[in-house]
Amino acid sequence: MTEKEATEKLSNKSLDILHVKDIFEAFAGNSVIEGLVAMNLSLRTSVYEREKEFSETICKLLEKLSDSCDMSVRWAVAKNPHTSVYILEKLSKDDVNLVRALVATNPNTPIHILQKLFNDEKIVRDGLSGNPSTPLKYLKVLSDDSDKMVRLRVIENPSCTKDICEKLLNDPEQNIQQGAHSKLERLNHANQ
């Protein structure tokens, strides 16, 4: 099989996962194919029925892809809902901040890893602020973050509480005040 044929096959998210694995192994070390395999796994696991796509083969491919020298491949692994805790732990120490940020956004990242990412740079805190698994005590601290995008993402977080929204009604940024007001209306409406 040529690289072009492999590229065409990998664009099909319905391609049998064992064929994806065979292509990955046939083109070991080819960063283009690694990227396409990572994208194929992302496409098949970012749909609403992601558990339907769960398999040991996907998990093993994600583990192998996590060692890629290509940042975009590790990025795709970091955000994948089937990436193991072991790999999320490894990627949480990645040299590239975007990879760590995507570990921070992954709802399956355990709290002990999220805690380690809490003191990371802004892009990583931004990831934490939107993760519904981020503990409430960290959302409260992030609601005071110096970066307005972090505070805004806290409001959008499904775990954001009424107390946090009420505090952000007094934020110096008008769009954060408006976001907090809208979220409070939704929370109040849901509780009626």
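The values are calculated or read from the model by the stated rules, or taken from the named source; none is laboratory data. Predicted, not measured: the structure shown is a model, and the values here were computed from it. For neighbour counting, all protein chains shown are included, and Cβ atoms are generated from backbone atoms with ideal geometry for every residue, glycine included.
Of note:
- Some residue of segment 18-41 being within 22 Å of the chain's Cα centre (by Cα) and basic (Lys, Arg): no
- Any hit, segment 37-47, residues being within 28 Å of Leu114 (Cα to Cα), among the hydrophobic types (A, V, I, L, M, F, W, C), out of contact with any Phe, Trp or Tyr (no Cβ under 7 Å at 6 or more places or on another chain) and assigned to a loop (DSSP other than H, G, I, E, B): yes
Here is a yes/no grid of residues against (1) acidic (Asp, Glu); (2) over 25 Å from Val124 (Cβ atoms); (3) modelled with pLDDT of 90 or more; (4) outside the structural domain of Gly127 (by TED's automatic domain parsing):
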residue	(1), (2), (3), (4)
Lys4	no, yes, yes, yes
Thr7	no, yes, yes, yes
Ser14	no, yes, no, yes
Leu36	no, yes, yes, yes
Asn40	no, yes, no, yes
Ser68	no, no, yes, yes
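- Wholly enclosed helices (runs of 4 or more DSSP H) of segment 64-156 bearing at least 1 residues closer than 23 Å to Leu168 by Cα and of a type in the set (Val, Ile, Thr): 97-105, 122-130, 136-142, 148-156
- Selection of segment 157-190 for residues being hydrophobic (A, V, I, L, M, F, W, C), touching a Ser or Thr at 6+ places or on another chain (Cβ under 9 Å) and part of a loop (DSSP other than H, G, I, E, B) yields only Cys160.
- Verdict on Ala28 being hydrophobic (A, V, I, L, M, F, W, C) and modelled with pLDDT of 90 or more: no
- Flag if Leu65 is surrounded by 13 or more Cβ atoms within 10 Å (Cβ to Cβ) and aliphatic (A, V, I, L, M): yes
Listed here are the residues, each with its yes/no results for (1) among the acidic types (Asp, Glu); (2) over 20 Å from Met149 (Cα atoms); (3) under 13 Å from the mean Cα position of the chain (by Cα).
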residue: Arg74; (1), (2), (3): no, yes, yes
residue: Ala78; (1), (2), (3): no, yes, yes
residue: Pro81; (1), (2), (3): no, yes, yes
residue: Tyr86; (1), (2), (3): no, yes, no
residue: Ser92; (1), (2), (3): no, yes, yes
residue: Asp95; (1), (2), (3): yes, yes, no
residue: Leu98; (1), (2), (3): no, no, yes
residue: Pro107; (1), (2), (3): no, no, yes
residue: Asp120; (1), (2), (3): yes, no, no
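- Positions within segment 54-75 being under 13 Å from Val96 (Cα atoms) and of a type in the set (A, V, I, L, M, F, W, C), in sequence order: Cys69, Met71, Val73, Trp75
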